[in-house]
1. Given only helices, namely DSSP H runs of n ≥ 4 each adding -39500 (n - 2.57), what is the per-residue ellipticity at 222 nm of the chain, to the nearest 500 deg cm²/dmol?
2. If you count only protein heavy atoms with a 1.4 Å probe, what accessible area per residue comes out for the chain, rounded to a whole Å²?
3. Mind listing the long-range amide H neighbours of LEU25? Cut-off is under 5 Å, sequence gap 5 or more, other chains count too, H placed in the peptide plane at 1.01 Å from N.
4. So what J values fall out for segment 60-71 if you push phi through Karplus, 6.51 cos²θ - 1.76 cosθ + 1.60 with θ = phi - 60°, rounded to Hz, Gly and Pro as x?
5. If one takes the longest principal axis of the Cα atoms in the chain, at what angle in degrees, from 0 to 90 and to the nearest 10, does the Cα axis of helix 78-93 lie?
6. Report, by chain and number, residues whose modeled amide H sits under 5 Å from the one on SER3, excluding near sequence neighbours (fewer than 5 apart, same chain).
7. Got a number for carbon plus sulfur as a percent of the chain's accessible area, 1.4 Å probe?
8. Can you list, bin by bin at 10 Å, the percent of alpha carbon pairs in the chain, starting at 0?
Amino acid sequence: MASIIYYIVQLGNSYYHGSDEDSMLTTDEEQAFAFTNSDTAEQLATKVNGTVLTREVSFEELEELSADHWTEYNALPKDERDIIESFCSKLKLGIDE
């Protein structure tokens with residue numbers, strides 16, 4: 001079964017969930033920031049005295065999650081979907097407001 005390897009940074013009983021400038025932690029591993037590059041994860045772990053954990057998710061699981069999220073997204077009111085689409089469009093373009 002095909003899968004994707006990713007890395008998360010653990011700090012004690014928490015996980016890194018944020019950016020270098022505004023570090024945030026979460027106690028939920030599934031909400032941790034997922035690094036696709038182990039070197040980048042290692043750099044952050046060294047900076048914050050954390051530990052890099054290797055995780056794996058199958059394409060099948062990602063497809064199931066995607067379908068669930070798509071259903072939830074379509075159930076939102078149109079104005080909320082428009083806000084999300086605008087935000088995502090700005091992220092894709094790299095526009096900061």
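1. Helix contribution divided over all residues of the chain: -15000 deg cm²/dmol.
2. Values: 7480 Å² over 97 residues.
Heavy-atom accessible area per residue stands at 77 Å².
3. Under 5 Å from the amide H of LEU25: HIS17.
4. In residue order, the calculated couplings are 4, 5, 4, 5, 5, 4, 4, 5, 4, 5, 4, 5 Hz.
5. Helix 78-93 sits roughly 50 degrees off the main axis of the chain.
6. Excluding prolines and chain starts, which carry no amide H, the hits are PHE59.
7. Taking all protein chains in place, the chain shows 50 percent carbon and sulfur surface.
8. That works out to 14, 31, 37, 17, 1, in percent per bin.
The values are calculated or read from the model by the stated rules, or taken from the named source; none is laboratory data. Being a predicted model, the structure only gives us computed values, none of them experimental. These accessible areas exclude ligands, DNA and RNA; they are computed on the full protein's heavy atoms, side chains included. Shrake-Rupley method; radii C 1.70, N 1.55, O 1.52, S 1.80 Å.
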